[in-house]
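These notes are about the structure you will find just below.
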Amino acid sequence: MKNVVFLALIAVLTLLAGCSITIGGGHGGWDHYPADDRATMAEIDAAADLMMESSRESSLKNIAARPNLSADAQVYLVRRSLDELMMESSRESVIVTLINNPGFVSEAKMAILENMDEFMMESTRREVMDRLNRRGHVPSGKEIEVIIDPQAQNELPFKMNTTVNMTYSTGL
């Protein structure tokens, strides 16, 4: 009897080797991000955890197309999409949607380039690279370009250049 219990214990430990068991899901650790980023990241998690591949793809594409996604949210979207989408076409679809987003930033571009090996097919890698090359230079998410309408500038109590660069700090 002791041998059976011992063998069962060894079998269970062997199956669990290298696995980590956590209680209470979620990806937490987002306390240092602004509230809107935390909400977006939770939404990315919810989308990535949907059961059907087509539902995951559709939800993640909708998030990827949103204007004003922060650099942190874009990077998180890239990583979760490549981790959770199984079909090559689904991965490509979400990533291309993000690349085509007018608010696409260099931090997300780096996340894509660092994870190119997640695309199994050479043709998909080439297509993503072509899209990135056609997109050209993308600004850092740490720089926000504010353009003041020349007509509205006359209403300001001070004189300002038409283009102003402002920086902010992210959790990256």
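The values are calculated or read from the model by the stated rules, or taken from the named source; none is laboratory data. Treat the numbers as computed from the prediction; the structure is a model and nothing was measured. Neighbour counts are summed over all protein chains in view; Cβ atoms, including those assigned to glycine, are modelled from backbone coordinates with ideal geometry.
Under 6 Å between Cβ atoms, at least 6 apart or on separate chains: pull out the pairs that start in the range 116-137 with a residue that is of a type outside the set (S, T, N, Q) and end on any residue that is not in a helix (DSSP H, G or I).
Pairs that qualify, where the first residue is of a type outside the set (S, T, N, Q) and the partner is not in a helix (DSSP H, G or I), are Arg125/Phe119.
Quick one: which residue in Ser70, Ser54, Ser90, Ser58 is among the hydroxyl-bearing types (Ser, Thr, Tyr) and within 14 Å of Gly141 (Cα to Cα)?
Step by step, each of Ser70, Ser54, Ser90, Ser58 is checked, and only Ser70 is among the hydroxyl-bearing types (Ser, Thr, Tyr) and within 14 Å of Gly141 (Cα to Cα).
Where in the range 94-172 are the helices (runs of 4 or more DSSP H), entirely inside, with at least 3 residues that are over 17 Å from the mean Cα position of the chain (by Cα) and at pLDDT below 85?
Here the list reads 150-153.
So, in the range 34-70, how many residues would count as being surrounded by 15 or more Cβ atoms within 10 Å (Cβ to Cβ), part of a helix (DSSP H, G or I) and among the hydrophobic types (A, V, I, L, M, F, W, C)?
7
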